[in-house]
Amino acid sequence: MGFGTALRRARRPLTVAAAAVTLTVLGTLVGAAPQYSISQKGREFHPGEITIKRGDTIQIVNDDADLLHHAYVDSDKFSFDSGDQKPGSITPVAFTVPGDFDVLCAIHPKMRLVVHVQ
């Protein structure tokens, strides 16, 4: 085997690996629906208000080290109940209909997140 053939064979796995990484990154960027992270900390939602598009998903993250939370939405158009959320838990919520929704905490009644769905 000549030097040129050996060099082409050595480069082939690197080219295939680079192409696979590129396709994975592009697929993640193009094919994934946007997600928004909402923190629950200090008995507040952060941010307290967000605007998203119909079909988008928010992730509600319990960032409190020692508090349970219990997020819910109760409206005529859309409802959701997370159940008890332990510290560190992540709860995805997909908003499938347009409108303005209050996300509340069943444990901490002053907690409120307003979600505007376009």
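The values are calculated or read from the model by the stated rules, or taken from the named source; none is laboratory data. All values derive from a computational prediction rather than experimental measurement. Reconstructed Cβ throughout: ideal geometry from the backbone, glycine too, with neighbour counts over all protein chains shown. Keep in mind that these areas ignore ligands, DNA and RNA; they rest on the heavy atoms of the full protein, side chains included. Shrake-Rupley method; radii C 1.70, N 1.55, O 1.52, S 1.80 Å.
Residues that are open to solvent by 60 Å² or more (accessible area, probe 1.4 Å) and touching a Leu at 6+ places or on another chain (Cβ under 9 Å) were ranked within the range 100-115; the one that is nearest to Gly83 (Cα to Cα) is Ile107. Does Asp56 satisfy the condition of being under 16 Å from Gln118 (Cα atoms), open to solvent by less than 30 Å² (accessible area, probe 1.4 Å) and either touching a Cys at 6+ places or on another chain (Cβ under 8 Å) or not hydrophobic (A, V, I, L, M, F, W, C) (or both)? Here the answer is yes, as Asp56 does meet what is asked.
With the condition kept exactly as written, say whether any residue in the range 5-15 is modelled with pLDDT of 95 or more and open to solvent by 60 Å² or more (accessible area, probe 1.4 Å).
The answer is no, given that none of the residues of the range 5-15 is modelled with pLDDT of 95 or more and open to solvent by 60 Å² or more (accessible area, probe 1.4 Å).
Of the candidates Thr51, Thr22, the single residue that is modelled with pLDDT under 80, β-branched (Val, Ile, Thr) and open to solvent by 60 Å² or more (accessible area, probe 1.4 Å) is Thr22.
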